[in-house]
Each structure stands twice: as structure tokens, then as C-alpha cells.
1. Can you work out the FRET efficiency for the pair residue 48 and residue 76, with r the C-beta to C-beta distance and R0 = 35 Å, to the nearest 0.05?
2. Ratio of Rg to Rh for region 23-79, alpha carbon only, Kirkwood?
3. Could you please rank 129, 91, placing first whichever residue has the fewest other Cβ atoms within 10 Å of its Cβ?
4. Hey, any idea what the orientation-averaged projected area of the convex hull of region 11-151's Cα atoms comes to, in nm²?
5. Can you list the residues, at least 5 places off or on another chain, whose amide H is less than 5 Å from the amide H of residue 46, using H built in the peptide plane?
6. If each residue of separation counts as 0.36 nm, what is the full-extension length gain between residue 26 and residue 134 once their alpha-carbon separation is subtracted?
Amino acid sequence: MKRIAILTSVMISLSGCAQLFDKHIEYAYQQPDSFPVLKAVGYAPISLQPGKSEQQKSILAIKASKLEAYRELAEQVYGQKITASTSVRAMVASNDSLNAQVNGVVRGAKVVKSYAVGDTYATELELDMKLVYDLYIGEVKPRSVKKVTYY
């Protein structure tokens, strides 16, 4: 019985010593080799916009073309979710549907040009992936262990 008590106290004291040692961990941040610049263009018809005056229609077309360009950028970054279904009745396709969906957050895009071409408004956006990477590093700080030093 005495041996068990001594053995238990030795094990507890040894496990306690392991926690006395401190360590310093150095992290290495990994950066990709290259950063592409993505470009997108959004279009919106001016005359089909709701509004009482040409100015209102133009402003709405500017906003719609910008949102369309952002959607195109999100497609390039995140991809599209495609859902399709087809119904067949008596060996004839009776109902065919195709849906596309884009979800994502686009940060750091800038408007390069915004202009009217006839009855259509166009907005060109640019997304520098280096800027996206820098924003990501600032928030998440991904890292790998470079070196561990025990004291």
C-alpha cells in the first residue's frame, strides 16, 4: 500500500514538472506564388428600368449594372450552383428546368469604368487577388508551425 502511494506521488510530481517547461512557437505565413486580377463586366438596359424620368432610369441602370458585375465576379471566385430537373411523360420531355445560384462575399473590388453604350449601361470591375489575400491575412492569419523552442 505504501509503495502505491509513493508511486502515485512520483507520477503526479513528474506530470507536474512537464507543465513547468515553457515553449516558444515561431509561425511561418505561407503566400501563394502568383495573384491573378479578375475582371467582370455587368450590363443593364436603361429604358427598361422603372422610373418617371430618364435620369432615374439611368441611375437605376448604373446600380443594376454594378450588381451584375459583382455577380459575375462572385461566379469567378466561388463558382455557380446549378440545379436542373427534367420530367418525362410518355417518352416526351414535358417539363425542363435549369436554375443557377451564386453565393459569396466579394471584398476589395474596384470600379474600373462605368459608361453608357446606346440604351445599355455597362460597369467594369476589377478584383486584385493580392488585395483579397492581404485582407484575408489581416482577418484570419493562417499559419504553419515553423519552429518550436522549449525552455
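1. Step by step, r from the Cβ atoms, then E = 0.85.
2. Numbers: Rg = 20.3 Å, Rh = 14.5 Å.
In region 23-79, Rg relative to Rh is 1.40.
3. 91, 129
4. With the hull built on Cα positions only, its mean projection is 19.4 nm².
5. Amide H to amide H, under 5 Å and 5 or more residues apart or across chains, residue 46 pairs with 120, 121.
6. Working: separation 108, 0.36 × 108 = 38.88 nm, distance 2.04 nm.
Stretched out fully, the residue 26 to residue 134 stretch lengthens by 36.8 nm.
Read-outs: derived from the displayed coordinates by stated rules, not from any lab. Note that the structure is predicted; figures quoted are calculated from it, not measured. Neighbour counts are summed over all protein chains in view; Cβ atoms, including those assigned to glycine, are modelled from backbone coordinates with ideal geometry.
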